[in-house]
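Participant: Below is a structure I'd like to ask you about.
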Amino acid sequence: MSGALGPLLRGVTRVLLDFDGPVCSIFAGLPADEVAARMRRRIGDAGHAIEREWEDEGDPLALLSSINETRPELVAYADAVLTELETEAALLARLNPEILDVLDACANSGRTVLLVSNNAGRAIGAYLDRAGLTDRVGGVFGRVPGEPASMKPSPRLLLDAMGETAPERCVFIGDAVRDVEAGDAAGVRTIGYANKPGKVAKLTGAGAAVVVESLLPLAAALTSPDIHT
Ligand SMILES: [Mg+2]
């Protein structure tokens, strides 16, 4: 489907990028289920009861949402704990080397790259620093601290990143169904990045404008000289 990329990218000036997946695997070194377990431990150590439904949650972002739903008075604390742990994880995260070609192509074609992520902005900033990528990103839109409802599939972070730029001049690249849903809600087209088996069908089914299994065709299309009209 990568042949459809050229028309999709024509006139696009803002490339919105999901972080975990397209840029790196944030929990490659400090696994997500370990982060969730440490969150529970910290909350328990602070004297708060752990709800039964939190016990088996291995996704720390889903755990944060669950805490928000069942014990909203704890969400600010839980988010601060998760932010610390994500920042620790970011220092062990694994770069997706293909993203470097996308960043180069955007820089060379005068496009702005903005990161739009459910992860904490502080953790993303720490990762970019460590990877030497800070200067190649125009802005970071992480979840609003203490407000997990801002996370995708909410369109909020995407709308913040789009600012005054018309949706047809933006494109969003994400690897999860919730990314496609957030893109739809924000009125921006989403390129699905199917970086694991089974994701092509999921992202296509969710309504992604195009689905790619590698970011390299995207980098090539961003470099192509015929897309600036
Ligand atoms: Mg992702």
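Participant: Of all residues in region 70-92 being more than 24 Å from residue 20 (Cα to Cα) and part of a helix (DSSP H, G or I), which is least open to solvent (accessible area, probe 1.4 Å)?
Facilitator: My answer is 74.
Participant: Pick from 16, 5: which is aliphatic (A, V, I, L, M), open to solvent by less than 50 Å² (accessible area, probe 1.4 Å), within 30 Å of residue 167 (Cα to Cα) and not in a helix (DSSP H, G or I)?
Facilitator: The unique qualifying residue is 16.
Participant: Tell me, please, whether a residue that is open to solvent by less than 50 Å² (accessible area, probe 1.4 Å), in contact with an Asp or Glu (Cβ under 7 Å, 6 or more places away or on another chain) and not in a loop (DSSP other than H, G, I, E, B) can be found in region 27-34.
Facilitator: yes
Participant: Moving on to the next point. Tell me the residue from 150, 117, 154 that is closer than 23 Å to residue 72 by Cα and free of Cβ contacts under 8 Å to residues at least 24 places away in the same chain, please.
Facilitator: 150
Participant: Might you let me know whether region 37-59 holds any residue that is closer than 24 Å to residue 129 by Cα, crowded, with 17+ Cβ neighbours inside 10 Å and hydrophobic (A, V, I, L, M, F, W, C)?
Facilitator: Within region 37-59, not a single residue is closer than 24 Å to residue 129 by Cα, crowded, with 17+ Cβ neighbours inside 10 Å and hydrophobic (A, V, I, L, M, F, W, C).
Participant: Determine, yes or no, whether residue 78 is within 16 Å of the ligand (Cβ to nearest atom) and without any contact (Cβ under 8 Å) to a residue 60 or more places away in the chain.
Facilitator: Taking the combined requirement at face value, the residue does not satisfy it.
Participant: How many of the residues in region 174-210 are more than 11 Å from the ligand (Cβ to nearest atom), surrounded by fewer than 17 Cβ atoms within 10 Å (Cβ to Cβ) and part of a loop (DSSP other than H, G, I, E, B)?
Facilitator: Of the residues in region 174-210, 4 are more than 11 Å from the ligand (Cβ to nearest atom), surrounded by fewer than 17 Cβ atoms within 10 Å (Cβ to Cβ) and part of a loop (DSSP other than H, G, I, E, B).
Participant: What is the number of the single condition among (1) at pLDDT 95 or above; (2) away from the ligand (no atom under 16 Å from the Cβ); (3) closer than 30 Å to residue 208 by Cα that residue 1 does not meet?
Facilitator: So residue 1 meets the others, but not (1).
Participant: Something else now. Could you list, in sequence order, the residues of region 164-173 that are more than 13 Å from the ligand (Cβ to nearest atom) and under 15 Å from residue 17 (Cα atoms)?
Facilitator: 167, 169, 170, 171
Participant: So is residue 22 crowded, with 19+ Cβ neighbours inside 10 Å, over 30 Å from residue 220 (Cα atoms) and within 15 Å of the ligand (Cβ to nearest atom) or not?
Facilitator: no
Participant: Sticking with this structure for a sec: Test residue 11 against the stated conditions and say whether it is under 28 Å from residue 209 (Cα atoms) and surrounded by fewer than 21 Cβ atoms within 10 Å (Cβ to Cβ).
Facilitator: Spelling it out, residue 11 is indeed under 28 Å from residue 209 (Cα atoms) and surrounded by fewer than 21 Cβ atoms within 10 Å (Cβ to Cβ).
Participant: Please enumerate the residues belonging to region 163-173 that are open to solvent by less than 10 Å² (accessible area, probe 1.4 Å) and among the aliphatic types (A, V, I, L, M).
Facilitator: Of everything in region 163-173, those that are open to solvent by less than 10 Å² (accessible area, probe 1.4 Å) and among the aliphatic types (A, V, I, L, M) turn out to be 171, 173.
The values are calculated or read from the model by the stated rules, or taken from the named source; none is laboratory data. Note that this is a predicted model, so its numbers are computed, not measured. Every residue, glycine as well, gets a Cβ built from its backbone with ideal geometry; the counts of neighbours run over all protein chains shown. We work out accessible area using only protein heavy atoms, side chains counted, and drop any ligands, DNA or RNA first. Shrake-Rupley method; radii C 1.70, N 1.55, O 1.52, S 1.80 Å.
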